[in-house]
Amino acid sequence: MAWDRNQMAARAAQELEDGMYVNLGIGIPTLVANYVGDKDITLQSENGMLGMGPFPFEGEEDPDLINAGKQTITELSRTSYFDSATSFGMIRGGKIAAAILGAMEVAENGDLANWMIPGKLVKGMGGAMDLVAGVGRVIVVMDHTNKHGASKVLKECTLPLTGKGVVDLIITNLGVLEVVEDGLKIVELADGVSEEELRGATEAAIV
Amino acid sequence: MKKIYPDAASALDGLLHDGMQIAAGGFGLCGIPELLIDAIVESGVKDLTIASNNCGVDGFGLGKLLDTHQISKMMSSYVGENDEFMRQYLSGELEIEFNPQGTLAERMRAGGAGIPGFYTKTGVGTVIAEGKEHKDFDGETYIMEEGIFADLSIVKAWKADETGNAVFRKTARNFNPPAAMCGKVCVMEVEEIVPKGSLDPDLIHLPGIYVHRLIQGEHEKRIEQRTVRQKEGA
């Protein structure tokens with residue numbers, strides 16, 4: 001037993017507080033929007049929008065209205081639009097409270113790798129490096145191990161970094177880990193997961 | 001000071017030369033200067049360096065300039081979803097300089113604002129920082145990034161008046177204002193040119209000072225990822 005994608009997203013949503021401006025990455029992070037409940041959260045899309053709404057109904061798609069994943073979306077009554085320089089000004093300037101994003105690897109010192117695998121096709125980092133360097137809190141949501149069963153929570157990242165010492169919290173299918181002084185601290189275990197199991201699947205130092 | 005041209009080809013007349021640097025607006029296929037890209041394809045100008053967040057998709061947007069081998073270098077943050085791009089990149093025909101998205105936008109804005117370099121935290125400790133000047137401010141390390149000063153800007157807005165005062169629509173604004181600012185000459189295409197005085201001066205997104213030549217035309221506005229939700233009870 002462990003958390004599925006939706007349970008991980010729901011757990012990540014618990015980290016958000018009323019009034020926050022938040023940027024959600026592609027994949028599981030996108031699902032977090034479904035679990036914010038009554039909290040007043042404003043979603044930023046780094047291509048130039050605050051107050052991102054849900055996908056449009058069929059026939060109401062607008063080619064001038066997309067999110068950072070290039071998907072058609074909608075606006076809300078609170079929405080504002082701006083250019084890319086302004087958008088990353090608010091990201092770099094620390095105005096966005098949190099970013100929730102996926103990862104290939106996270107290290108015990110908060111290093112994050114999620115943009116390239118040497119030898120494979122490189123598509124680019126998009127806005128990920130700007131986000132992790134600039135926002136108030138970086139929350140990673142990912143599977144604890146890769147498809148070969150190897151830990152993605154490492155002593156040191158092996159892949160090229162997206163940011164150095166940038167991750168604050170790691171939410172995986174096995175539980176929640178906080179990046180602290182000398183390593184990672186267990187905050188919570190996923191349903192039916194023992195501390196032994198979590199430790200066994202983690203290469204990083206748990207303090 | 002007549003800025004309006006009949007079509008994209010005439011608006012680009014005398015501005016194109018081999019080996020030049022062009023800054024292009026747009027994010028994905030949203031807000032891209034479709035008409036100007038087509039005219040650049042027609043012109044046959046080559047060995048281009050293009051600063052643009054993306055490089056279109058196969059056969060559309062800047063992807064058309066890949067098909068004709070007119071681009072030698074891209075300065076971008078993300079170039080996925082483009083097979084021809086990857087083929088040319090892997091065969092060594094095409095060079096790519098990856099820029100973090102916000103760094104690319106700020107490099108354009110800075111160039112347009114007369115700022116040759118600036119410091120940012122973005123990319124510190126990553127491959128992006130290699131070979132760049134590092135400097136500490138208040139105990140934190142930053143890297144220097146350079147402003148982009150392009151030979152030409154090609155951008156797309158929703159509406160502009162005869163003097164080039166422009167407004168954009170929704171997320172189609174994206175890189176268009178910073179791209180417009182950083183070129184020695186900026187050519188803008190719009191869906192509608194309106195008379196002076198018909199746009200509210202308080203609601204202009206890009207002042208006409210940045211726009212040298214202007215055309216109006218029909219846009220395909222292709223959608224890259226059509227995503228919808230079902231109506232309740234449907």
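The values are calculated or read from the model by the stated rules, or taken from the named source; none is laboratory data. This structure is a prediction, so every number in the text was calculated from the model and none was measured. Using ideal geometry, Cβ is built from the backbone for each residue, glycine included, and neighbour counts are taken over all protein chains shown. In case anyone asks, the SASA skips ligands and DNA or RNA and just uses the protein heavy atoms, side chains included. Shrake-Rupley method; radii C 1.70, N 1.55, O 1.52, S 1.80 Å.
Count, for each residue of A:130-136, the Cβ atoms from other chains sitting within 10 Å of its Cβ, then give me the mean as a whole number.
What the average comes to for A:130-136 is 5.
With solvent modelled as a 1.4 Å probe, how much accessible area in total do chains B and A shield from it at their shared surface, in Å² to the nearest 100?
Buried: approximately 4200 Å² between A and B.
As a test, work out the antiparallel percent of DSSP beta bridges whose residues both lie in the stretch A:99-180, rounded to the nearest 5.
So the antiparallel bridges amount to about 45 percent of the total.
Using the Karplus curve 6.51 cos²θ - 1.76 cosθ + 1.60 with θ = phi - 60°, what ³J(HN,Hα) values do you get for each residue of the stretch B:6-20, in whole Hz, with x for Gly and Pro?
x, 7, 5, 4, 5, 5, 9, 4, x, 9, 9, 8, 4, x, 7
From a point 7 Å beyond the Cα of B:Glu130 in the direction of its Cβ, which residues of the stretch A:114-152 have a backbone N at a distance under 13 Å?
It comes to A:118-119, nothing else.
Rounded if a/c is under 1.5, else prolate if a/b is larger than b/c, else oblate: which is chain B, with a ≥ b ≥ c the root eigenvalues of its Cα gyration tensor?
rounded
Given the pairs B:Lys73/B:Lys184; A:Lys123/A:Lys164; A:Lys164/B:Lys73; A:Lys70/B:Lys170; A:Lys70/B:Lys221, which are separated by over 23 angstrom at their Cα positions?
Among B:Lys73/B:Lys184; A:Lys123/A:Lys164; A:Lys164/B:Lys73; A:Lys70/B:Lys170; A:Lys70/B:Lys221, the Cα-Cα distance tops 23 Å for A:Lys164/B:Lys73.
Can you classify the stretch A:115-160 as rounded, prolate or oblate using the Cα gyration tensor, where a ≥ b ≥ c are the square roots of its eigenvalues, rounded means a/c under 1.5, and otherwise it's prolate if a/b beats b/c and oblate if not?
Oblate, since a/c reaches 1.5 and b/c is not below a/b.
List, in order, the whole-Hz ³J(HN,Hα) value for each residue of the stretch B:148-165 obtained from phi through the Karplus relation with A = 6.51, B = -1.76, C = 1.60 and θ = phi - 60°; use x for Gly and Pro.
Values, residue by residue: 9, 10, 8, 5, 8, 10, 10, 9, 10, 10, 7, 9, 9, 8, 4, 8, x, 4 Hz.
Spin-label point model (7 Å from Cα, Cβ direction): what's the B:Glu218 to A:Thr74 distance in nm?
3.0 nm
Within 10 Å of each Cβ in B:93-103, how many Cβ atoms from other chains are there, averaged over the peptide?
6
Calculate, for A:Lys155 and B:His69, the FRET efficiency according to 1/(1 + (r/R0)^6) with r their C-beta to C-beta distance and R0 41 Å; round to the nearest 0.05.
Result of the calculation: an efficiency of 0.35.
Using the basic label-point model (7 angstrom from Cα toward the beta carbon), what is the B:Met86 to B:Val185 distance in nanometres?
Placing both labels 7 Å along Cα→Cβ, they lie 3.8 nm apart.
Average partner chain C-beta neighbours within 10 Å, per residue of A:47-55?
Neighbouring Cβ atoms belonging to other protein chains average 4 per residue here.
Counting only protein heavy atoms, what percent of the accessible surface of the stretch B:1-91 is carbon or sulfur at a 1.4 Å probe?
Its accessible area is 52 percent carbon and sulfur atoms.
Can you tell me the FRET efficiency between B:Asp58 and A:Glu196 if r is taken as the Cβ-Cβ distance and R0 is 41 Å, rounded to the nearest 0.05?
After rounding, the FRET efficiency stands at 0.25.
Largest first, what is the accessible-area ranking of A:Lys120, B:Lys156 with a 1.4 Å probe?
Final ranking, largest accessible area leading: A:Lys120, B:Lys156.
Enumerate by residue number the trypsin sites (Lys or Arg not before Pro) in the stretch A:150-204 meeting two conditions: DSSP loop (anything except H, G, I, E, B), and at most 16 other Cβ atoms within 10 Å of the site's Cβ.
A:Lys155
In the stretch B:184-225, which trypsin sites (Lys or Arg not before Pro) are in a loop and have at most 11 other Cβ atoms within 10 Å, using DSSP for the loop call?
The qualifying sites are B:Lys196.
Show me the GluC sites (Glu not before Pro) within the stretch B:98-156 that DSSP assigns to loop and that have at most 15 other Cβ atoms within 10 Å of their Cβ.
Loop-located and lightly packed - B:Glu130, B:Glu133.
Leaving ligands, DNA and RNA out of it, rank B:Ile154, B:Ile4 by accessible area with a 1.4 Å probe, largest first.
Largest accessible area first, the residues go B:Ile4, B:Ile154.
How large is ³J(HN,Hα), in whole Hz, for each residue of the stretch A:143-153 in order, when computed from phi with the Karplus curve 6.51 cos²θ - 1.76 cosθ + 1.60 and θ = phi - 60°, using x for Gly and Pro?
5, 5, 10, 7, 5, 8, x, 7, 5, 9, 9
For A:Leu154, enumerate residues with amide H under 5 Å from its amide H, sequence gap 5+ or separate chain, H modeled in the peptide plane.
For A:Leu154, whose amide H was placed from the backbone, the distant partners under 5 Å are A:Val106, A:Ala107, A:Glu108, A:Ala204.
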